[in-house]
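Bear in mind these aren't lab numbers, they're just calculated from the coordinates by the rules spelled out. From a predicted model like this one, the values you see are computed outputs, not experimental measurements. Virtual Cβ from ideal backbone geometry, glycine too; neighbours counted across all protein chains shown.
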Amino acid sequence: MHTFQKYLAVNAIDQKWGLYVLNAGFGTIKQALRYPSTQHPSSYYFDWKKGRVLSEYQLIYITAGGGLFESERCGSTEVKEGSVIFLFPNEWHRYKPSELTGWNEYWVGFNGPVADQLVQNDFFHPAKPVIEMGHKDDIVDLYLNIADRIQEALPGFQQVISGQTLHLLGKIYALSKGSSIPPTPDVSETMVNKAKLLLKEHVEQAISVEQIAAQLSVSYSQFRKLFKKYAGVSPGQYFIQLKMEKAKYYLGHSNRLIKDIAYELGFDSCFYFSKLFKEKTGLSPELYRKRKL
């Protein structure tokens, strides 16, 4: 899983929109690694003993691993994989991944009267900042889309990512209401949902689906059978679909060489990548780019 983080300058027009994004990122925090990284601005860094108070909201989605969270109105609570940590302005808090497992995190920081109103109307509450949602690849998609729009930095991108953040809030709220009466968990479906997230997080790597099965401690034959049952396609085909979608994004939104795109997506051969791309989309990478740019 690659690492990304960006802190944004916000102007008066952005603030008038009602909800504006201040920062976003994702990455893997390995076991026993110092947390948070000193690469963040000093105003965001904190010492575990002292904790921290922010002047903004943050949504932090933990997709793998686990850890601990503590805040003024919540107290101390365990953070399990598949949970969102909701940080509130002017609320003392601290959190960290387990030294044994580390964790994978996605986050977005934001502010504005729209967010204030949601809290004032009790859609979200500082006394319940940790929301267990499970492994949701559509939630990860929203975080990744926010990161993509930030990197493009096209005119009006702040309003676009603000809308995506509001969509994220709506999704989290809906899932939190649905989890008030949790259904009996389907272990197999949970495993497949986790596998989909792992494949998405490794889309720019040459990892094999057999390795994903090993990470989940299941035989590949059983993994393939269950994955196809719940996802409708084999894990190999699902992984290829993810890579083709990422390739389309790069071709339509960047000037990267096609051979570089192939390499970044874990293909050893540019010829094979181009052949596969045409099979899946009906167009060669060159023609697809000409139609999109």
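Rounded to the nearest whole Hz, the Karplus-based 3J(HN,Hα) values (6.51 cos²θ - 1.76 cosθ + 1.60, θ = phi - 60°) of region 5-19 follow the sequence 7, 8, 10, 9, 8, 10, 9, 4, 5, 4, 5, 5, 5, x, 8, with x at glycine and proline. Quick one: helix 270-281 against the long Cα principal axis of the chain, what's the angle to the nearest 10°, folded into 0 to 90? Rounded to the nearest ten degrees, it is 80.
Sorted fewest first by neighbouring Cβ atoms within 10 angstrom, TYR35, TYR238 come out as TYR35, TYR238. Put simply, the amide H of ILE29, placed in the peptide plane, has neighbours under 5 Å in TRP103, ASN104, GLU105, leaving out anything fewer than 5 places away on its chain.
Close amide H partners of GLY82, meaning residues 5 or more places away or on another chain with modelled amide H under 5 Å apart, are ILE62, THR63, ALA64.
For a straight C-alpha distance cut-off of 17 angstrom, the lysines reachable from LYS225 (same-chain residues fewer than eight places away being disregarded) are LYS194, LYS196. For region 87-101, putting each phi into the Karplus relation 6.51 cos²θ - 1.76 cosθ + 1.60 with θ = phi - 60° gives couplings of 9, 10, x, 6, 10, 4, 7, 7, 7, 6, x, 5, 5, 8, 10 Hz, in residue order, rounded to whole numbers and with x for Gly and Pro. From least to most packed, judged by other beta carbons within 10 angstrom and beginning with the fewest, TRP92, TRP103 follow the order TRP92, TRP103.
By the rule of a C-alpha distance below 15 Å, with chain neighbours fewer than 8 residues away ignored, the aspartates and glutamates paired with LYS278 are GLU245, GLU286. Note on TYR220, TYR106: ascending count of other Cβ atoms within 10 Å places them as TYR220, TYR106, the fewest first. Taking amide H as placed 1.01 Å from N in the peptide plane, LEU54 has its amide H under 5 Å from the amide H of ASN90, GLU91, each at least 5 places away in sequence or on another chain. Here the Gaussian network model covers the chain, with springs between Cα atoms less than 10 Å apart; of LEU144, LEU168, LEU251, LEU251 fluctuates the most.
Summing +1 for each Lys or Arg and -1 for each Asp or Glu among the other residues whose beta-carbon sits under 13 angstrom from that of HIS135 gives -3. Projecting the Cα atoms of PRO285, TYR238, MET191 onto the charge dipole of region 187-292 (Cβ charges, centred on the Cα centre) puts PRO285 farthest toward the positive pole.
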